[in-house]
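Heads up: the structure comes next, in C-alpha cells.
Nothing in this text is a laboratory measurement; each read-out follows from the coordinates by a stated rule. Worth saying up front: this structure is predicted, and the values here are computed from it rather than measured. Here Cβ is always computed from backbone atoms with ideal geometry, including for glycine, and neighbour counts include all displayed protein chains.
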Amino acid sequence: MPKNSPLRLAINGYGRIGRCFLRALLENPADHRLQVVAINEPANLESIAYLSRYDSTHGRFPGRVEIGDNSLLIDGQRIAVSHARQPEAVDWRGQGIDLLVECSGAYGSRAELSRFIAAGCPRLLLSHPGAGGEDVDATIVNGINQHSLSGNERLVSAASCTTNAIVPVLSLLDREIGIEQVLLTTLHSVMNDQPLIDGYHHDDLRRTRSAMQSIIPVSTGLARGVERLLPQLGGRVQAKAIRVPTLNVSAIDLTISTQRPVSAPSINRLLAEAAGGPLKKLIAYSEEAHASIDFNHDPHSAIVDGSQTRTAGTHLVNLFVWFDNEWGFANRMLEVADYWSQRWTQESVI
C-alpha cells in the first residue's frame, strides 16, 4: 500500500453496526485514513440504499445516497455492493481490500474467519469478541491496549460495546484506588436476536419473548471480556445483563469494592478530571438529570452519571454509566482500524 494512500476497507454484514461504522467514517472523514470501497450484504440494493439514507435511531444521513451499477454512490463516492452468503463468493482480492470489517456476527471461530483470508482479505476486524476471544490474534479496546498491536495480526476483535464502555472506567479506578471485587449489570437496549412478539426462534427461552413488552435477563460474557483486557482483575468480576425495551443507548450499573477508602465526591472528582483530560475521547462526565435518549449518537465509550454515584461505608461504591451501544462502539472500531493500519509495515503478513 503506497504511503499516505487511503486504507481500502470492505464491510461484511451491513446491519446496525455495519451501517453505523460507514456513517461514522463519512461524518468525520478527516479523522481517519480510511475508505470503504465494498459492502457485502445479502439484502437487495434498494433496501441497502434506503437504510443508508434513513435511520430510525440516528436520523437521516446528512449526505446524498444514490444507487449505481451494483453499487452505492454516497456523495459521489462509489462503494461496490455484493450479496454473497459465503466468504468465497466475493472477489475480495480483485477489489484490493486491505481490511475487512466483519459485522455480520455470523463467523466466530478461527476456522470460519480464515475463510475470508483464503478468499483474499489479508486482515479482519471483528465487531464482536469472536468465539470466546481465543480465536483472534488480539482483542483491542481503543485507548486501553491498542499499543499492543504489532501490525502483523490477521484477526483482531474490537471487543463489544459493553466491554468498550466499562473497561476504561475500571482501568482508571483500579489504577487510582485499587479494585477488590466488581459486580456489574448491563441494562441493554433490544437487539435483533429478539422478536417483536413471542416466537420460536431461540434456544434461550427468555429470548423467545417479545422484546418490546418485557425487561428480559439474558446471558453475557462481559466478565470474561473484562478480565481478558484487565487480567489483574482475573476472578474478581461478575456480570449480569438485562435487555430493556428501548431502541438504543444502554447503561451499566457498576458496584466495586475498593482497596483504598473512597467517598462519592472523591470518585466523581476523579472521573470528571479523567473525562476532561487523558480519557476525554472515551469517557464523558455529567451530573445533569439525564434520560437515556440524551446520549443517542454520542461517540463516547461511556458517560458517567455523577448524580447517581453512591457509597456504602468507605470501601463500596456504586456508579451508573451510560453508553450509545451502536454509535460509541462504531467510533471505537474506526479508531482501531486506523491505529492498526499505521502499525502495518513492509514486513507485515499479507
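Could you give the length gained on full extension between MET191 and SER5, defined as 0.36 nm per residue of separation minus the Cα-Cα distance, in nm? It would help to have the intermediate numbers written out before the result.
Working: separation 186, 0.36 × 186 = 66.96 nm, distance 3.66 nm.
Roughly 63.3 nm would be gained on extension.
With θ set to phi - 60°, apply the Karplus curve 6.51 cos²θ - 1.76 cosθ + 1.60 along the range 107-121 and write out the HN-Hα couplings as whole Hz, x wherever there is a Gly or Pro.
Karplus-based 3J(HN,Hα) across the range 107-121 equals 10, x, 7, 4, 4, 5, 5, 5, 4, 5, 5, 4, 8, x, 8 Hz.
For a quick check: with amide H placed at 1.01 Å from N, whose amide H comes under 5 Å from HIS58's, ignoring anything fewer than 5 positions away on the same chain?
none
What nm value, rounded to one decimal, do you get for the distance between GLN213 and LEU247 when each label is placed 7 Å out toward the C-beta?
For the pair GLN213/LEU247, the computed spacing is 2.1 nm.
Multiply the residue separation of ASP198 and GLU288 by 0.36 nm, subtract the distance between their alpha-carbon atoms, and state the gained length in nm to one decimal.
Values: separation 90, 0.36 × 90 = 32.40 nm, distance 3.72 nm.
In short, 28.7 nm is gained.
If you look at just the Cα atoms of the range 1-87, how large are its Rg and its Dmax in Å?
Rg then Dmax for the range 1-87, in Å: 12.6, 39.
What list of ³J(HN,Hα) values in whole Hz, one per residue of the range 336-341 in order, does the Karplus curve 6.51 cos²θ - 1.76 cosθ + 1.60 (θ = phi - 60°) give from phi, with Gly and Pro shown as x?
5, 4, 5, 5, 4, 4
Quick check on the exposure proxy: order SER210, SER341 from fewest to most C-beta atoms within 10 angstrom.
By the 10 Å Cβ count, ascending, the order reads SER210, SER341.
Calculate the spin-label point distance for ARG85 paired with GLU112, positioning each point 7 Å from the Cα along the beta-carbon direction, and give it in nanometres.
1.5
Collect residues whose amide H, placed 1.01 Å from N in the peptide plane, falls under 5 Å from the amide H of HIS297; neighbours closer than 5 in sequence don't count.
Counting only residues 5 or more places away or on other chains, the set is TRP327.
State log₁₀ I(q)/I(0) for the range 162-325 at q = 0.12, 0.13 Å⁻¹ as given by the Debye formula over alpha-carbon point scatterers of equal weight, solvent excluded.
Here the Debye-derived log intensity ratios amount to -0.54, -0.63.
Can you list the residues, at least 5 places off or on another chain, whose amide H is less than 5 Å from the amide H of GLY68, using H built in the peptide plane?
Correct list: LEU73.
Which of rounded, prolate, oblate describes the range 99-246, given a ≥ b ≥ c as roots of the alpha-carbon gyration tensor eigenvalues and a/c under 1.5 marking rounded, otherwise prolate only if a/b is larger than b/c?
Details: a/c = 2.40, a/b = 1.11, b/c = 2.15.
Taking the square roots of the gyration eigenvalues as a ≥ b ≥ c, the range 99-246 is oblate.
Using a simple spin-label model with points 7 Å from Cα along the Cα→Cβ vector, what separation in nm is obtained for ARG33 and ARG78?
Inter-label distance under the simple model: 2.6 nm.
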